[in-house]
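The values are calculated or read from the model by the stated rules, or taken from the named source; none is laboratory data. Everything numeric in this text was worked out from a predicted model, so none of it was measured. Here Cβ is always computed from backbone atoms with ideal geometry, including for glycine, and neighbour counts include all displayed protein chains. To get the accessible areas, we keep the full protein, side chains included, count just its heavy atoms, and leave off ligands, DNA and RNA. Shrake-Rupley method; radii C 1.70, N 1.55, O 1.52, S 1.80 Å.
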Amino acid sequence: MYNPDFMRAAIVLATENISSNAWWPFGCVIVKDGKIVWQWNNRVTSSNDPTAHAEIVAIRDACQNLQSFQLDGCEVYTSCEPCPMCLWALYRARPKKIYYANTRADAATIGFDDNMLYEEMALPLDQRNIPLEQILRSEALESFELWKEKHDRIPY
């Protein structure tokens, strides 16, 4: 069951980001056992890092705080429906639930339109706006073979 106070905390982070001139109106709170384990707002322009979305920064810091590469047992409260990058990162982190407030359609109305990314992902690789070209696969496969043979690997 969601806790509206946690979503309000994410919304406050998004609002504070505007008033502090960190620019982008997004906030994220990660909760475990009824307590906030980490919270962040968007840092893309203030850190010159295109991956510093609120969810990504919160995931990084929460995982360090929890000393785990996964968010087992955690809930994520984000002020907006996650973009494709953040959604994938959240899936990789495996929280038990994600709550969001604004929709991606709401974000598009203020200039944060991710529809192009969804459309790009549906295209064949050779038809995308940024070309992808596979090279040196046979050389790269060696690292995968070594991984398969490693007996003390940590599964992901």
- Looking only at region 90-97, decide whether some residue is in a helix (DSSP H, G or I), open to solvent by 60 Å² or more (accessible area, probe 1.4 Å) and among the basic types (K, R). yes
- Task: Would you mention how many residues in region 26-47 are at pLDDT 90 or above and either in contact with a strand residue (DSSP E or B) (Cβ under 6 Å, 6 or more places away or on another chain) or surrounded by 18 or more Cβ atoms within 10 Å (Cβ to Cβ) (or both)?
- Result: 8
- Message: Let me spell it out: the conditions are (1) in a loop (DSSP other than H, G, I, E, B); (2) exposed (fewer than 13 other Cβ atoms within 10 Å of the Cβ); (3) among the hydrophobic types (A, V, I, L, M, F, W, C), and M116 meets all of them except one. Which number is the exception?
- Response: (1)
